[in-house]
Amino acid sequence: MLIAVMRLVGSKAETIRQGFLDDVRRFATRAMGGLTRTRITPNALTATGVSLCIGSSVFAFFSYRHELAFFWAAAALFVAGSLLDILDGALARASGKVTPFGAFVDSTTDRISEAFMLGAIALVFARGHALFSVGLTIAAIAGSFLVSYTRARAEMLGLRGDVGLGDRATRVVVITAGLVLAPWGVLPWAIGVLSALAWYTVILRAFFIRSQLLQGGK
């Protein structure tokens, strides 16, 4: 009953999210047409993407120097790096260079990118003695990592674990919106939304995986 209610509540947002992801995938597919004819490799895109995200976290940390300029620079770099994190997998598939190790590196660098950005945001809150916001950021980090972990564990069991709204694409949108609107005090609210989405997704996936196991008679 609970799993049905949770899925019903999120169905509308899930439809919107899926439409956004479909648009991103179409963009990635078109972009691959040119990239496959160059010497650019999926690993090069991965390295560039994570480097941009780490650079964006540096701008976020130094935002006290000029909030508007540094937060917006952080947002721009974070979006660019996150897009490259999407394109590297698409390029690997389009060029026939998909490997298990490449998929492992891609997934790992995604976590590194997010950890650096959320860590920088936690330091920004700590500098302002906003301890509640620091706590929210720590909860967001833990929840975001568990979102990926629950899906990976489900797939290892041969089950689906991709339900919920708190996937990486959604988290990138929420973090970016928080950075863009940070000069007007929105960043703590964005992190609160991020934490809630992540933990909602973790709980939903746990119930969804359990329901699959029960239906399978395990």
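Read the figures in this text as sums done on the coordinates, not as results from a lab. Quick caveat: nothing in here was measured; it's all calculated off a predicted structure. All Cβ positions, glycine included, derive from the backbone under ideal geometry; neighbour counts span all protein chains shown.
The figures follow:
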item	result
Along each principal axis, Cα extent of the stretch 160-218, largest first, Å	53, 16, 8
Two-site FRET efficiency, R39 against W189, from Cβ-Cβ distance with R₀ of 45 Å, rounded to 0.05	0.55
Ordering of 73-86, 118-131 by burial proxy (mean other Cβ atoms within 10 Å per residue, highest first)	73-86, 118-131
Relative counts (whole %) of C-alpha pair distances in the stretch 35-89, using bins that are 5 Å wide	5, 24, 23, 17, 13, 9, 6, 3, 0
Whole-Å distance, taken between Cα centres, linking the stretch 106-148 and the stretch 39-64	16
Rg followed by Dmax, in Å, when the stretch 100-218 is reduced to its Cα trace	15.8, 53
